[in-house]
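One structure is given below, encoded as C-alpha cells.
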Amino acid sequence: MEKIGIHGIYIENRCLFMVEKEGWDILPGGKRKIGELDNMCLEREVKEELSGSRITVGDYYGSFFGITPNSNQPLISKNYFIYFMDNIGEPSAEISRRKFVTSKDNPNLHLTEISRKVFDSLIKNDLID
C-alpha cells in the first residue's frame with residue numbers, strides 16, 4: 001500500500017518554490033499524521049521546514065505517483081497551491097536551502113521522480129517559465 005504525501009506548490013513571478021532536503025530538490029510538505037487533514041499537514045510541515053512560516057492552502061492541483069529515492073517506497077503525492085501569509089522563513093535543520101526555479105534551472109536540479117512529474121506538469125500547463 002502506497003503512502004500519501006501532501007505537498008505545496010508556491011509560484012511567484014512564474015518561478016516555482018522548492019526546498020532541498022537530503023540532496024533532493026522537492027516541494028515543501030510531508031506525510032500526514034493520523035487524523036490530520038491535508039491542509040493541516042501542509043501548514044504543519046511548512047512551519048517545521050521553514051522556521052515558523054505560515055501559509056494558507058489553496059486549490060488542489062493533482063496527485064502524482066512515484067518511488068521515493070531514499071526509502072525506495074511507493075508514494076502518492078497530493079499537491080495543493082499554497083500562499084505564504086508572511087515572509088518565507090529560513091530553512092530548518094532538515095532543509096539545506098530554499099530556492100525559486102524555472103525550466104532554465106532544469107539541468108542543475110536534482111529532482112525526485114515525483115518532483116520531476118510535478119515540475120514538468122507545471123511547465124506544460126504554462127504555470128512556470
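Listing for the model above:
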read-out: Flag for V19 being open to solvent by less than 40 Å² (accessible area, probe 1.4 Å) and in contact with a Ser or Thr (Cβ under 7 Å, 6 or more places away or on another chain); value: no
read-out: Where Q73 falls short, out of the listed (1) open to solvent by 80 Å² or more (accessible area, probe 1.4 Å); (2) touching a Gly at 6+ places or on another chain (Cβ under 8 Å); value: (2)
read-out: Residue check for E36: without any contact (Cβ under 8 Å) to a residue 12 or more places away in the chain, open to solvent by less than 50 Å² (accessible area, probe 1.4 Å) and more than 24 Å from I123 (Cα to Cα); value: yes
read-out: V57 vs. criteria closer than 21 Å to D38 by Cα and outside any strand (DSSP E or B); value: no
read-out: Residue selected from segment 102-129 under the condition acidic (D, E) and within 15 Å of I9 (Cα to Cα), by the criterion surrounded by the fewest Cβ atoms within 10 Å (Cβ to Cβ); value: D126
read-out: Unique residue being assigned to a strand (DSSP E or B), at pLDDT 95 or above and touching a helix residue (DSSP H, G or I) at 6+ places or on another chain (Cβ under 8 Å) when the list is F81, F100, F17, F64; value: F64
read-out: Residue count for segment 1-57, restricted to those that are in contact with a Pro (Cβ under 8 Å, 6 or more places away or on another chain) and either basic (K, R) or more than 22 Å from K117 (Cβ to Cβ) (or both); value: 3
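Per-residue answers, yes or no, for (1) out of contact with any Ser or Thr (no Cβ under 9 Å at 6 or more places or on another chain); (2) basic (K, R); (3) touching a residue at least 12 places away in the same chain (Cβ under 8 Å):
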residue	(1), (2), (3)
D59	yes, no, yes
I67	no, no, yes
I76	no, no, yes
F84	no, no, yes
A93	yes, no, no
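The values are calculated or read from the model by the stated rules, or taken from the named source; none is laboratory data. Computed from a predicted model, the values in this text were never measured in an experiment. FYI the Cβ positions are ideal-geometry reconstructions off the backbone, even for glycines, and counts take in every protein chain you see. Accessible surface is based on the protein model in full, side chains and every heavy atom, while ligands, DNA and RNA are left aside. Shrake-Rupley method; radii C 1.70, N 1.55, O 1.52, S 1.80 Å.
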